[in-house]
1. How tilted is helix 68-84 with respect to the longest principal axis of the chain? Cα atoms for both, answer in degrees (0 to 90, nearest 10).
2. Can you give me the % of accessible surface on the chain that is carbon or sulfur? Probe 1.4 Å, all protein chains present, nothing else counted.
3. On a 0 to 90 degree scale, rounded to 10, what angle separates helix 20-37 from the longest Cα axis of the chain?
4. Could you work out how far helix 233-247 tilts from the main Cα principal axis of the chain, as a 0 to 90 degree angle to the nearest 10?
5. How much length is gained if the chain between GLU159 and ALA87 is pulled fully straight, taking 0.36 nm per residue apart and subtracting their Cα-Cα distance, in nm to one decimal?
6. Averaging sequence separations of C-alpha pairs under 8 Å and six or more residues apart, then dividing by the length of region 17-118, give the relative contact order as a whole percent.
7. How many nm is it between the label spots at ARG122 and TYR172, if each spot is 7 Å from the Cα in line with the beta carbon?
8. Quick one, which of (i) 1.17; (ii) 1.47; (iii) 1.12 is the actual Cα Rg over 2.2 N^0.38 Å calculated for this model?
Amino acid sequence: MGLSRVRAVFFDLDNTLIDTAGASRRGMLEVIKLLQSKYHYKEEAEIICDKVQVKLSKECFHPYNTCITDLRTAHWEEAIQETKGGAANRKLAEECYFLWKSTRLQHMTLAEDVKAMLTELRKEVRLLLLTNGDRQTQREKIEACACQSYFDAVVIGGEQREEKPAPSIFYYCCNLLGVQPGDCVMVGDTLETDIQGGLNAGLKATVWINKNGIVPLKSAPVPHYIVSSVLELPALLQSIDRKVSIST
């Protein structure tokens, strides 16, 4: 790690600053209720939602030839057909998708303690939001949790030539803020994108948010620091800067 103080922090969005996974689960519960009460799908309702969850986890999205609404409606359509058989039911698939999506967005909030942390940090360093994903989906989340005002810049992978972990998107972020990679810290919950990307780009430090105490695979990228909550970050940044002071 370089001998300069931290000048900028890049934050991931999903499951780092907002509980996307929890919001998604709440969306699925609403769809299960709908399918059971309105359509009398008993045990099939949970099976359908489980199938959609698997499809979402394996999703390969190419913004130039796919609309995210069409893609995700198709996930529901396929899951319903695979479970119930018969003809495809596009209308029901759309109803499920939009209920899941709207419920999910309602529950995407920036907690008060996270807002306070970002406000305080921004007095000392520049802050940038760096999130992978489809442009429309990520912009909707950013609007739902009203987080844009806490950052000096927002960069969405789906709007760039390459996403995390490609070094190019990190260099683009550095240029936006007028800083060097050695001045920056990447904070995120995903080893393969956030941490590997920060390492690829030669950032000063990478911080892995490991909320659930996951033991990574031996082959996984190794972060400089591990914390269980993003709220531990201010103290960690102080200790990184203290090390710089001692070294110099």
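The values are calculated or read from the model by the stated rules, or taken from the named source; none is laboratory data. Worth saying up front: this structure is predicted, and the values here are computed from it rather than measured. No Cβ is skipped: glycine too gets one built from the backbone with ideal geometry, and neighbour counts run over all protein chains shown. Ligands, DNA and RNA are stripped out before the accessible areas are found, and what is left, the full protein with its side chains, is counted by its heavy atoms. Shrake-Rupley method; radii C 1.70, N 1.55, O 1.52, S 1.80 Å.
1. 50
2. Ligands and nucleic acids excluded, carbon and sulfur give 52 percent.
3. 10
4. Roughly 30 degrees, rounded to the nearest 10.
5. Computed gain between GLU159 and ALA87 is 22.3 nm.
6. It rounds to 44 percent for region 17-118.
7. Once both label points are built, they end up 2.2 nm from each other.
8. Of the labelled values, this structure produces (iii).
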